[in-house]
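Bear in mind these aren't lab numbers, they're just calculated from the coordinates by the rules spelled out. Here the structure is a predicted model, which is why all the values come from computation and not from measurement. Methodologically, a virtual Cβ is constructed for each residue, glycine included, from the backbone with ideal geometry; neighbour enumeration extends over all protein chains shown.
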Amino acid sequence: MKGYDLNTVLLMLLVLSVAGCGSLIHYKVQQGDSLYSIGWRYGKDPKQIAEWNNLKAPYVIHEGQMLRIAPPPDQANPATIEAVRSREATATVATSQRSTGSPTPQKSPPTSIGMGPIVWGWPAEGALISTFSAKKLGRNGIDIGGKMGAPVRAAARGKVVYSGNGLSSYGNLLIIKHNESFLSAYAHNDRLLVEEGELVKQGQKIASMGATGSERVMLHFEIRYNGKPVDPQRYLPKR
């Protein structure tokens with residue numbers, strides 16, 4: 001492993017260990033699944049899952065289909081590792097720029113394909129009862145308290161790519177795609193008011209607040225960048 005840094009070595013070991021564990025490599029598609037809900041369940045970028053399974057847009061999948069949800073073992077070759085290192089270097093530069101006072105994603109958001117820049121807004125009114133934590137289990141987003149039936153609104157313009165209750169811990173769930181990198185999710189709703197494939201505007205009412213899959217009435221809200229959870233409060237305007 002000489003010549004690779006620790007992160008790269010760990011990545012290689014992870015790929016090899018997953019390759020030896022069949023239960024972690026493949027997923028059997030269930031009724032109501034979409035590529036986006038599967039990616040959300042396992043913290044994977046839907047584009048990567050599509051690539052691993054040679055799927056083309058609009059990523060049609062079928063009940064009973066077996067999907068690879070981990071990189072093939074041959075992706076641990078040196079060329080792939082160099083590509084990963086390049087992406088990591090790019091991410092490091094971006095982090096450095098933010099730390100030195102360059103515009104944050106909230107001030108200078110990426111451009112949505114065919115939909116203009118992302119303009120984020122709060123998805124619901126109410127008290128913030130839980131915040132994001134990258135180190136604590138179950139803290140992939142924020143929780144907003146409220147009353148049963150209160151409006152849940154699209155945090156930004158986009159396309160609904162999942163509307164259902166196939167992820168039991170999320171209850172009635174909506175996932176909206178904002179561009180090729182950003183998704184947002186709205187969980188524990190009482191009623192879902194939009195369907196998959198529907199285009200929504202920022203601030204549009206998309207659901208009513210509820211307690212499905214939770215012990216109290218609230219909205220669980222997440223933002224994911226390339227499949228990975230990020231702190232929504234970095235993007236939402238200050239209250």
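Between GLN30 and ASN226, what is the label-to-label distance in nm when each label sits 7 Å out along the Cα-to-Cβ direction?
2.9
For ILE129 and SER214, calculate 0.36 nm times their separation in residues minus their Cα-Cα distance, and state this gained length in nm to one decimal.
29.3 nm
Give the long-range amide H neighbours of ASN172: residues separated by 5 or more places, or on another chain, with amide H under 5 Å away, using H modelled in the peptide plane at 1.01 Å from N.
The list, which skips near neighbours in sequence, is HIS188, ASN189, THR212.
Search the structure for amide H atoms under 5 Å from the amide H of HIS26, placed 1.01 Å from N in the peptide plane, and list their residues when 5 or more places away or on another chain.
Answer set, sorted by chain and number: ILE69.
Report the Cα-based extents of the range 125-194 along its three principal axes, largest first, to the nearest Å.
That gives 29, 28, 23 Å along the principal axes, largest extent first.
So if I restrict to the alpha-carbon atoms in the range 111-234, what is the Rg, and what is Dmax, the biggest pairwise distance, in Å?
13.1, 39
Calculate the spin-label point distance for ILE61 paired with GLN233, positioning each point 7 Å from the Cα along the beta-carbon direction, and give it in nanometres.
It works out to 3.3 nm between the two label points.
If we count other beta carbons within 10 Å of each Cβ, what is the order of LYS56, LYS159, fewest first?
If I rank by nearby Cβ atoms, fewest first, I get LYS56, LYS159.
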